[in-house]
Structures are given as C-alpha cells and as structure tokens.
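A short worksheet on the structure shown next.
The values are calculated or read from the model by the stated rules, or taken from the named source; none is laboratory data. Quick caveat: nothing in here was measured; it's all calculated off a predicted structure. Here Cβ is always computed from backbone atoms with ideal geometry, including for glycine, and neighbour counts include all displayed protein chains.
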Amino acid sequence: MSVPRYWRETPYRYMLVGGKCSDCGKIYYPIKKVCRVCGSRDFDQVKLGDRGKLVTFTVIRSPPSGYEEYTPYVVGIVELDDDVRVISQIVDCDIEDVRTGMELEAAFRRASTDGDSGIVMYGTKFRPVIS
Amino acid sequence: MRKVGIIGIGCTKVGEHWSTSLRDLFAEAALKALDDAGIEKIESLYVGNMLSAHAQQQEHLGALMADNIGIPGVQALKVEAACGSGGMAVHEGFKAVASGLVDFVMVGGVEKMTDISTPEVTTALMMAENREYSAFSGITFVGLNALCSRLYMETFEVKPEEMMAFPVNDHSNAANNPHAQYPFKITVERAIQSAMVADPIHLFECCGIGDGAAVAILCPLEIAKKLKSPVIEVSASTTATNILNLYERDDLLDFAATRRAVNQAYAMANIDKKEIDVLEVHDAFSIVGVLSLEALGFAERGMGARFAVEGKIALDGEIPTNTMGGLKARGHPIGATGVYQIVELAMQLRGEAGENQVEDAEVGLAQNVGGVDSTAIIHVLRRN
C-alpha cells in the first residue's frame, strides 16, 4: 500500500466518515461524487454511527498478503444503525460464537503492516457489544 | 447496424502452462482460430485480460499480441472488466463489426495465473472491488462470494449438499472435454468433504487457478455465410454494471447487472428464454451459478440451488448448462473465460461438442461476470 494512497483515505477509515446527500439524505460509505438516487452533487461529510448488526459473514482461511497473522479471521457485512453498511473484520470473540444478527460496535484497530519496514495500517473493526 | 457472425474458434487446454509465456499462450489460441476461419488477415484485435500487470508486469497487450502473431499495425487493445474481461472483449469486437467500421475482428482472452503464488493471486483478485474500502477489510474474492452463500442458504433454508449440484454437473461434463482443466467426475459427498476455503464455501465449490487462452474470429454475417457452414450468428451482445462493492447493495442476492444485461439481450435477439438450448453460466463459485440461474430468469428467486439439484441443468435436462465443464471444471483463467464460453457455445451449435453434444442445439446464451456481478456481459449465439 503506497503512503499517499493510505494517507488520503485515513479520515474515512479511522473515524468511519461517510457522505450524506444534502438533497435526499442518503448516506454512502465511501462518499460518492454524485448521488445515485437523486442525482445531486452536494454531499456533507458525516461520521457514521458506531453500532450495528451483522448481516452475513465468512471465515477467511486463505488470506491475502499482509493478513496472514490474523488467519483464520471473520469478515462480515455490518448494517449500522443509520442504515448504511460497511464491510469489516469481526474481532474480540471466538469464530464459533459469531452469528448472523449479532449486535456489534466499532473499534479502532491495527489492520495490516506493509512488510518489516513499511507503514503500519489502522482502521475500524467491529466487535460484539460490551454491555 | 450489421449482423455479426463467428467464423473461427480456438482455445488452449486450461492448466499449468509453465513453459509458455502469456504472449505465446494467446498466439496458440489465435492461430487455431485463424486456421479454423481459413483467413489470414484481421483488422482489429481485442485482448481480454485482468492480471497481466500484476502477474507478468506487462501491459499494452493489444500491441504485444498483434506483434507476436505477425500483424503489428492492426488496431489492437487490451480490454479489462475483471473476470468479465473476455466477454467484454467479445462485446467490443461485436460492436466494431456491427458498426461497419471493420470487417474481420479477432476477439480473445488470455490469463496466466500460475506465474505468481496463490497469496499473490488472492491479493490481486481483490482488484475487482474498491481496494481502499473492500479489500482493506481483509476480505478475499472467495470471501465475498461466501457472504452471499451464507445469506442465501440461511434465507432460503438451502443445505450445503444442495449447493454442490453445480460443481458436480460441471465435472461430469468436463470429463468429456479435452481442453478442460479438471476432466474428471466428482460426487456430492466428495465435494462436501473438501476443506473450507471461506466458510461456508468448500474447496470443491471454487474454480481453480490456471492458465488458458481462447479466441474467436468475428465478421459480418453476410461474409460469414459465404465462408462457413453452419454459420453462427451473434444475435445479441449486451453489458451492464451494478454497484461495485457487494456490501453497498441493498439486496445482496440480486444479480442486478446480469438481470439488466440479459433483458436487453433477449430484446436484442428477439427471443424468449424458452428458446435457449444451451447455457453458459459464470459459476466461479457454486453460489454464483445459483444466483445467475435466478437472475437469468431460469429459476425463481431462492430456487436456483433446487433447480440444479433437480437435474434441470444436466445435458439431458431442461436447460443444459456449462456443457463443457464451466468455470469449476473446464477452468477459469480469468480474462479468457468469457471467450471460452463463446468457443464452447459455438462448438455446441456447430455440432462439434462430441460426447457432450446437445441434440439440435440452435440457440445458446453465455453469461460472463466481473466481480460479484459488478459487470455482466451477455451473448446470444444462434445457428443460422
């Protein structure tokens, strides 16, 4: 991952910042340039909610480069309370305990490292709600 | 717009071609197609490929391939639409002939996935979705399909065994296909026992990693009729896209790009789906085969798996599907697959499918897909 590419997306990944269409209110993650519902080019940056439900998930057993240390790990689609979805690793629980529909909350975590001397990449992962 | 015909086809065996370079693999298929067509001159060349930059550190494939087969000077370009690169190359070639701008067009696809390691292929395949948002999560391409598979099985109460009908059918057909990567039968039991790759997808539901090239020669139908018999017409060539990232879609089980493209194709070819005699479906993973059957209109929503289990996709079934092995058993050398589908449909319509021949096959439909149905390309072929 190149430094400029990583740096550019940092605010959107670190703080789950998406875009809300100023005209129809639809929320996107990532932000788009044109709203596909109403055609507006006007967006406000919004911080997405940090709670949601697990829509579906899988267990990755054959990882891409840079994710070997987490293998096997769970990745799922999380539907946030403000009606927008993200894709994320599901952490802080045993793989066997992951269930569709479980309630999750966002957590700031290390995502990957770029070899031995490259940048350390961070992002948002989701974990079971600590009630 | 002129009508378009196919006058030549050729392909390599799908497998591990360690000793053959990307350009020579393409040439092998290209020369077979040219010889089959009985022509020497083409005016345009479209090369479908996804991973050449990553696997061979090579781009500019149009000029490269033209040069290697002795025709530097023709119009040539690389066409890329992830796993739909091959079908898209055919679509571009179709437009070139239909427009009247050129007469003889070579459309092909080539991929050499074995030049890099499996983790490198796994990483590269995620270029099919938004790298910064989707791939960054650590999801893999099989993982994306697994998200659909779990949701599908939970929503419609489909058992794992019922998902295996697609790979079993593919392998049964591949056993009689000399260019298939895995020309042997498998059983549902064997498939269920295979290791999990990305739960709930088992190994035997996944296409393998392989090399291959497939090429077809297109020309105006009027010229084709003078050169070949029977003549195969490309009576529809359509394409559509969907929201790129699976996670951003409201309905994860609706292959909307396939639906859009196939409805346009039925209109363009002026046919009803009942007239389709042979079908090529992009079953990179069994869930894709299942959801494609539904999006193409052959099975009701949620009934795609059962449709396959009931034998309706078999050679003697209601709609013979993937008659030469499909993506699982003939193989899926990414950028070439869409053209393999066209070659295999043409074989059926010409009566050259050997033991897998579907009697009186007159109309065929091929569905080629990029990403998880982020791009869909549909072709309808008709024996003239």
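Below are the figures for this structure:
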{"read-out": "Flag if residue A:57 is among the aromatic types (Phe, Trp, Tyr), within 12 Å of chain B (Cβ to nearest Cβ), surrounded by 13 or more Cβ atoms within 10 Å (Cβ to Cβ) and in contact with an Asp or Glu (Cβ under 8 Å, 6 or more places away or on another chain)", "value": "no"}
{"read-out": "Inter-residue pairs, beta-carbon under 6 Å, first within 10 Å of chain B (Cβ to nearest Cβ) and within 15 Å of residue A:86 (Cβ to Cβ) and in segment A:25-36, second aliphatic (A, V, I, L, M) and in a loop (DSSP other than H, G, I, E, B), 6+ apart", "value": "A:29/A:84"}
{"read-out": "Count of segment B:1-42 residues which are touching a helix residue (DSSP H, G or I) at 6+ places or on another chain (Cβ under 9 Å), of a type in the set (Asp, Glu) and closer than 13 Å to residue B:69 by Cα", "value": "2"}
{"read-out": "Odd one out for residue B:196, checked against (1) modelled with pLDDT of 95 or more; (2) facing chain A (nearest Cβ under 8 Å); (3) buried (at least 21 other Cβ atoms within 10 Å of the Cβ)", "value": "(3)"}
{"read-out": "Hey, residue A:40 surrounded by 13 or more Cβ atoms within 10 Å (Cβ to Cβ), among the polar types (S, T, N, Q) and at the interface with another protein chain (Cβ under 9 Å from one of its Cβ atoms) or not", "value": "no"}
{"read-out": "Qualifying residue in segment B:145-156 (condition: surrounded by fewer than 19 Cβ atoms within 10 Å (Cβ to Cβ), polar (S, T, N, Q) and either at pLDDT 95 or above or more than 26 Å from residue B:339 (Cα to Cα) (or both))", "value": "yes"}
{"read-out": "The one condition in (1) surrounded by 24 or more Cβ atoms within 10 Å (Cβ to Cβ); (2) without any contact (Cβ under 8 Å) to a residue 60 or more places away in the chain that residue B:353 fails to fulfil", "value": "(1)"}
{"read-out": "Long-range neighbours under 7 Å by Cβ, at least six apart or interchain, first residue at the interface with chain B (Cβ under 7 Å from one of its Cβ atoms) within segment A:71-85, second among the acidic types (Asp, Glu)", "value": "A:85/A:79; A:85/B:248"}
{"read-out": "Single match in B:135, B:98 (criterion: on the phi < 0 side of the Ramachandran plot and in contact with a Lys or Arg (Cβ under 6 Å, 6 or more places away or on another chain))", "value": "B:98"}
{"read-out": "Whichever residue in segment B:127-143 is surrounded by 22 or more Cβ atoms within 10 Å (Cβ to Cβ), under 19 Å from the mean Cα position of the chain (by Cα) and not small (Gly, Ala, Ser) and, among such residues, is nearest to residue B:208 (Cα to Cα)", "value": "B:142"}
{"read-out": "Test: residue in segment B:173-182 that is within 14 Å of chain A (Cβ to nearest Cβ), among the polar types (S, T, N, Q), in contact with a Pro (Cβ under 9 Å, 6 or more places away or on another chain) and farther than 30 Å from residue B:220 by Cβ", "value": "no"}
{"read-out": "Condition check for residue A:100: in contact (Cβ under 8 Å) with a residue 40 or more places away in the chain and surrounded by fewer than 18 Cβ atoms within 10 Å (Cβ to Cβ)", "value": "yes"}
{"read-out": "Given (1) among the polar types (S, T, N, Q); (2) at pLDDT below 95; (3) within 30 Å of residue A:72 (Cα to Cα), index of the condition residue B:181 fails", "value": "(2)"}
{"read-out": "Segment B:357-384: number of residues that are surrounded by fewer than 21 Cβ atoms within 10 Å (Cβ to Cβ) and not in a strand (DSSP E or B)", "value": "6"}
{"read-out": "Single residue of A:122, A:12 found to be more than 9 Å from every other protein chain (Cβ to nearest Cβ) and either under 12 Å from the mean Cα position of the chain (by Cα) or part of a loop (DSSP other than H, G, I, E, B) (or both)", "value": "A:122"}
{"read-out": "Restricting segment B:190-244 to residues that are among the hydroxyl-bearing types (Ser, Thr, Tyr) and under 22 Å from the mean Cα position of the chain (by Cα), the residue that is nearest to residue B:382 (Cα to Cα)", "value": "B:235"}
